[in-house]
Structure formats: C-alpha cells, structure tokens
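Please read the structure below before turning to the comments.
The values are calculated or read from the model by the stated rules, or taken from the named source; none is laboratory data. Since this is a predicted model, take the numbers as computed values, not measurements. Positions of Cβ are generated from backbone atoms using ideal geometry, with glycine treated the same way; all protein chains shown enter the neighbour counts.
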Amino acid sequence: MKQPLAGVRALDLTNVLAGPFCCHQLAHMGADVIKVEAPGAGDLARQLGADPALNEAKMGVSFLAQNAGKRSIVIDLKQPQGVTILNRLVETADILVENFRPGVMDRLGVGYSALQEINPKLIYCAISGFGQDGPMRDAPAYDQIIQGMSGVMSVTGGPDTAPYRVGFPICDTLGGLTAAFAIACALAKDEAERGCFLDVSMLEATLAAMGWAVSNYLNAGVEPAALGNDNVTASPSGAFKTGDGLINIAANKQAQFETLCDTVGRPDLKTDPRFQRRQNRLEHRRALSDALEEALAVRPAAEWRRLLNERGVPAGQVLTVAQALAHPQIAERGMIGGFAAPPGVGRDIRIARPGVKLNGETPRVEAPPPRLGEHTDTVLAELGYSAAEINTLRQERTVT
C-alpha cells in the first residue's frame, strides 16, 4: 500500500495524549515521525498505565498506545546546542507539533516566528487546552478539566448522576484528531504555500464535536440535559434491558418503530395513542421503555440483536472493552496490530490502528514504540553530525 504521507517528516514535541495521538495518525499514514523528548523521563506517558513494571522501564502502556512507528531522540532544548539540533531538524521537516503551554516554545527560542525563518514551508501545529490567546491561554489543562468546562460532563450520566466524566480522555482525543485533520488540510496546499501556524484548542475542538447539543442551545434555546442512555432526539432509542444484559436499539424512524413492536410481540404499541407519533413517544418515553423491556426480557441480547438487524432495526449489544476487542467485526478488519517482544518491553504487545482503510488495506507502521532516545545517534547522523560530534554532545548531555 502506498501511504499518503510517505516522504513527509513530522517533529513530535508533544506529551501524554492529544499531541502524541495526532502524530500517531500521521505515522500510520506514512509520515516519518521523529519524537523529540526531554532528557530524563521523556514523554510523561512513558510512566503511565496499568503495568507498574513497564512504567518503571519508561515504556508504560499509555505510551505504547500511540507511539508505534515513531523514532525517539532526546534533546535538551535549554542548551544552545540543543536548539541548534532542533533548528537543523526543522530544516528537514514538513510539520512540527507541540503541546506546551502558550509561550513556552518562544521562551526556548524555537517558537513559530523563529522556526519560520529557518523553514518558511513549516506547518507548525500548537495544541493547548484553551488556545494561544484569550483570558485562559496560560491556564493548565488536562482532559478532565476540558470535559468539565466544555459541558461534556453536564450531559453525561443520568438526571440523578450527572455531571459525570466520560470514561476515556475524549477531549484529548478530539484535540488530537482535530490537529491531524488541520495538518492534513495544510499539506494539501501547494508546497510553496504550506507554511502556517495551526492553533488547536482542546476546549473548542470539544465544543465543535458537540454539534447537536450546541446547536440545540444556540438555535432553539434548549439547554442540553443528561438523559442517561436515552437518545435526546427519538424514542425508543437508547439502552434497554433484555434477558441477559443491555441492548442498544435506535428505532428512530416510524417504520423501524413499527417493526420493533412486531418483532418483540407487542404490535398493540403501534396503535397506542401515547406512541403513535414521534413526539408522542418522546413525551411518554418511560412508559414505552417499560413496555419494551418487559417484552425483551424473554430473550438474550445477542438473539434480539440478530432478530432486529435481520428486520432492518438498528440494534447492538452493550459490550465491555474486552468484548469489543474480541468481536469478529474488529478481528476480521485488521484494526489491531502487534509487535513481537519489542526492545524495552520484553513481551508481545498489541496496538489499535486508525479506524480507516485505504483502498481496502489497514494503515500500519513497521516499527514498535521506541525506547527513550533509541534513535538519537541515527537521527543526528542523518543531520550530518559526525560520530565525534555526537559523542561530544552526549558528554555535554545536550542529547542522550
């Protein structure tokens, strides 16, 4: 498979999730991603995850999740020679991604204005919690902070439990995806016109992704509320109890609702005045759900899923992460890749690839997540540094 970003070089100066996830997408599309890490600990994600031994080895499972295919070089950007090395890297690069607080890169002497002089074609992408300007530009931000400030938590959970945190770092992920999309758009320009500064705000990326909830408030004056597992726009649409667990059913169209009633053996619900029309069903959602759950209790979720899908009603079991990863739909599409006992890990690892296929093939990278500084010598040699110069830089602790 010819990868669309083959021949593109990206410098990844990011930590933890939003930035690394962005560059994870670029690497799987064929970009040469060089991860520039700080001396000592490197990316904080190297110390995060459910396996303490891997955290100690600076290969935490959180790091493994989004750094395969990258090369790692350790540079001390607080030293003049470290800045020189980064400048030489920038001369060879198409993209630079960073997620420091606004102003940090300028203070180090490697902000956009300085690097643009070195490489006018550079696509410089800065990811931050709140953006490069505004009253909160300097405020620290993690995913949960953005979940709270964006309104995500206010619409998550039920009326008696909200506000509730979404169970994975959704705002970091949305920020990373937004950055990757913006970078891809910049790369689509003619080479001479590519140079630009991309300012990605995790807060704004999250609000943009909340399109329907935001529009309901902006254009209808209706403030979104937490509805638990119920769909705000339709009923019956949500999670329902069955004989052995939950099933999601989205009978959003009239024909789907009527088919659902017939399938579960309750055709009478179709003519009940409370449920005949879409708005009626929303107003009497609880009564309709109770009636459907009573009918659904006679079969397991998997059987109902099959019967409903066969009749054109959208339905799916509510699975755990483990069950989802083991599902034949995931296994047969090749989304999960792996590496045999990569250095620094000592056992086989598996990673999730991007959720896309290119001409029927799943994008993949050939190299496992790198050890801290694993490619320092190789990258410096590519920049023209001699073995003696590299040795001196190591002795001075400019690189490791």
If only one of 192, 186 is under 27 Å from residue 125 (Cβ atoms), loosely packed, with under 13 Cβ neighbours inside 10 Å and either in contact (Cβ under 8 Å) with a residue 12 or more places away in the chain or basic (Lys, Arg) (or both), which one is it? 192
Being assigned to a loop (DSSP other than H, G, I, E, B) and hydroxyl-bearing (Ser, Thr, Tyr) is the filter here; which residues of segment 133-177 pass it? 142, 156, 161, 164
Pick out the one residue from 115, 77, 89 that is in contact (Cβ under 8 Å) with a residue 24 or more places away in the chain, assigned to a loop (DSSP other than H, G, I, E, B) and surrounded by 16 or more Cβ atoms within 10 Å (Cβ to Cβ). 77
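How do the strands (runs of 3 or more DSSP E) wholly within segment 310-368 filter down when requiring 1 or more residues that are closer than 24 Å to residue 33 by Cβ, touching a helix residue (DSSP H, G or I) at 6+ places or on another chain (Cβ under 7 Å) and modelled with pLDDT of 95 or more: which remain? Full working, then the answer.
On the way: elements: 315-317, 336-339, 349-352.
Strands (runs of 3 or more DSSP E) meeting the threshold: 336-339, 349-352.
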Filter result (within 41 Å of the chain's Cα centre (by Cα) and not charged (D, E, K, R)) within segment 270-289: 275, 276, 279, 280, 282, 284, 287, 288, 289
Tell me whether segment 130-149 contains one or more residues that are farther than 17 Å from residue 18 by Cβ, of a type in the set (Phe, Trp, Tyr), surrounded by fewer than 21 Cβ atoms within 10 Å (Cβ to Cβ) and under 27 Å from the mean Cα position of the chain (by Cα). no
Could you check residue 215 against (1) farther than 30 Å from residue 8 by Cβ; (2) touching a residue at least 24 places away in the same chain (Cβ under 8 Å); (3) not in a loop (DSSP other than H, G, I, E, B) and say which number it fails? (2)
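Considering each of 123, 145 in turn, give the residue that is in contact with a helix residue (DSSP H, G or I) (Cβ under 9 Å, 6 or more places away or on another chain) and touching a residue at least 40 places away in the same chain (Cβ under 8 Å).
Details: 145 fails: touching a residue at least 40 places away in the same chain (Cβ under 8 Å).
Residue meeting the stated conditions: 123.
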Only one of 205, 251 that is over 30 Å from residue 19 (Cβ atoms), buried (at least 17 other Cβ atoms within 10 Å of the Cβ), in contact with a Leu (Cβ under 6 Å, 6 or more places away or on another chain) and at pLDDT 95 or above: 251
Verdict on residue 3 being in a loop (DSSP other than H, G, I, E, B), outside the structural domain of residue 340 (by TED's automatic domain parsing) and crowded, with 17+ Cβ neighbours inside 10 Å: yes
Selection from segment 358-400 of residues more than 19 Å from residue 43 (Cβ to Cβ) and among the basic types (Lys, Arg) yields 364, 394
